[in-house]
Amino acid sequence: DWTMGNVIADQVAAIREQVGDKQVICALSGGVDSAVAAALVHKAVGEQLTCVFVDHGLLRAGEAEQVEKDYVASTGIKLKVVDAQEQFLGALAGVTDPEQKRKIVGREFIRTFEAAERELIAEAGAHGETVQFLVQGTLYPDVVESGGGTGTANIKSHHNVGGLPEDLQFQLIEPLRTLFKDEVRQVGLELGLPEAIVWRQPFPGPGLSIRIIGEVTADRLALLRQADAIVREEMSAAGLDRSIWQCPVVLLADVRSVGVQGDGRTYGHPIVLRPVTSEDAMTADWARVPFEVLSTISTRITNEVADVNRVVLDVTSKPPGTIEWE
Ligand code: XMP
């Protein structure tokens, strides 16, 4: 019968059979799909798997640490971390166009991941081993839709769309191909992954770069991270994590408005809250977050985040608005 325990046992057997004594690599994004896919493969072939985490500096507060520490501690997975924060910031300098940001992040990600791949292949070769497999966290809806829409596909599918140099030939391992998101979460829980990863709400591949309206800079990222952390903290405290699909927090970096704080006049940036409910992200409605929660968030952000003097709520459904602002 179809229980997650059986799914795990079946996949572990199938992966062992497929991989044999070869080496496997997997890119971790910080999201639930790649985390669960890698954990399944690790359960099957242990040390033959090496994961690569490209820290592009566009994740939210604490998320890189969750991957580098909590995830590794709970799985025992061999992880190679590439700190590419300066590289991504450099590549994004001066860029304000949303699609341009997506392209740059996708391109730099592929570049960085491939460099890491080459290093791993060279290291394995020095030990007389062959790297032959690549893990992907493809879900059943991805299979059905086959590359529909968002940039997830850009990053996730670069290996099957000819983005690979010709001398690198991988076979794909896609252990989540028959599963829906909620089943993937069940598998993750059964494998003992941290709840913060298993229950993570959707987060775009280009990360915070598309939540800063304007140029992406280190200072702006730090500011947005701080505001976002407050929003997540208060949403969690209010028990809203499972009822809200996601809540982008957006910095209008090129907009300033006048405010007053203490004795002084301020001229700071607005932060936009974009909490939505949704079934599949194709359509969405703005979430009716209780006023008290919004009030706490607003007070905390304007008190705690320097240079932010206004918090506004996005009450647009999708369509016409998209979930993200860029
Ligand atoms: P939109 O803004 O199109 O977002 O309503 C729909 C869902 O997709 C996510 N999203 C992305 N995910 N790369 C991703 O991996 C992207 O470039 C991207 N853009 C949007 C968004 O967070 C929402 O869940």
Of all residues being over 21 Å from residue 57 (Cα atoms) and under 20 Å from the mean Cα position of the chain (by Cα) in the range 241-271, which is nearest to the ligand (Cβ to nearest atom)? Just the residue, please. 245
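Residue-by-condition table, conditions (1) within 22 Å of residue 13 (Cβ to Cβ); (2) without any contact (Cβ under 8 Å) to a residue 40 or more places away in the chain; (3) among the basic types (Lys, Arg):
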{"site": "70", "(1), (2), (3)": "no, no, no"}
{"site": "75", "(1), (2), (3)": "yes, no, no"}
{"site": "87", "(1), (2), (3)": "no, yes, no"}
{"site": "90", "(1), (2), (3)": "no, yes, no"}
{"site": "106", "(1), (2), (3)": "no, no, no"}
{"site": "122", "(1), (2), (3)": "no, yes, no"}
{"site": "129", "(1), (2), (3)": "no, no, no"}
{"site": "134", "(1), (2), (3)": "yes, no, no"}
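Yes or no, residue by residue, for (1) surrounded by 17 or more Cβ atoms within 10 Å (Cβ to Cβ); (2) of a type in the set (Gly, Ala, Ser); (3) under 16 Å from residue 243 (Cα atoms):
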site: 257; (1), (2), (3): no, yes, no
site: 268; (1), (2), (3): yes, yes, no
site: 280; (1), (2), (3): no, no, yes
site: 283; (1), (2), (3): no, no, yes
site: 287; (1), (2), (3): yes, yes, yes
site: 290; (1), (2), (3): no, no, yes
site: 301; (1), (2), (3): yes, no, no
site: 309; (1), (2), (3): yes, no, no
Note on residue 202: of the conditions (1) more than 14 Å from the ligand (Cβ to nearest atom); (2) in contact (Cβ under 8 Å) with a residue 12 or more places away in the chain; (3) of a type outside the set (S, T, N, Q), unmet is (1)
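Can you tell me which residue in the range 179-209 is nearest to residue 34 (Cα to Cα), limited to those that are in contact with a Lys or Arg (Cβ under 6 Å, 6 or more places away or on another chain) and part of a helix (DSSP H, G or I)?
Applying the first criterion (in contact with a Lys or Arg (Cβ under 6 Å, 6 or more places away or on another chain)) to the range 179-209 yields 198, 206, 209.
Checking which are part of a helix (DSSP H, G or I) leaves us with 198, 209.
On the way: 198: 11, 209: 21 Å.
Restricting to residues being in contact with a Lys or Arg (Cβ under 6 Å, 6 or more places away or on another chain) and part of a helix (DSSP H, G or I), the top hit is 198.
Please list, ordered by residue number, the helices (runs of 4 or more DSSP H) wholly in the range 1-103 having 3 or more residues that are surrounded by 16 or more Cβ atoms within 10 Å (Cβ to Cβ) and more than 17 Å from the chain's Cα centre (by Cα). Give the steps one after another, and end with the answer.
Numbers: elements: 4-19, 32-45, 72-75, 85-92.
Per the criteria, 4-19, 32-45, 85-92.
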Checklist (1) within 26 Å of residue 31 (Cα to Cα); (2) out of contact with any Leu (no Cβ under 9 Å at 6 or more places or on another chain); (3) aliphatic (A, V, I, L, M) applied to residue 260, failing item: (1)
Residue check: is residue 109 hydrophobic (A, V, I, L, M, F, W, C) and either under 26 Å from residue 326 (Cα atoms) or at pLDDT below 95 (or both)? yes
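The values are calculated or read from the model by the stated rules, or taken from the named source; none is laboratory data. Every value quoted in this text rests on a predicted model; they were computed, and no experiment measured them. Glycine also receives a Cβ, built like all others from the backbone with ideal geometry; neighbour counts cover every protein chain displayed.
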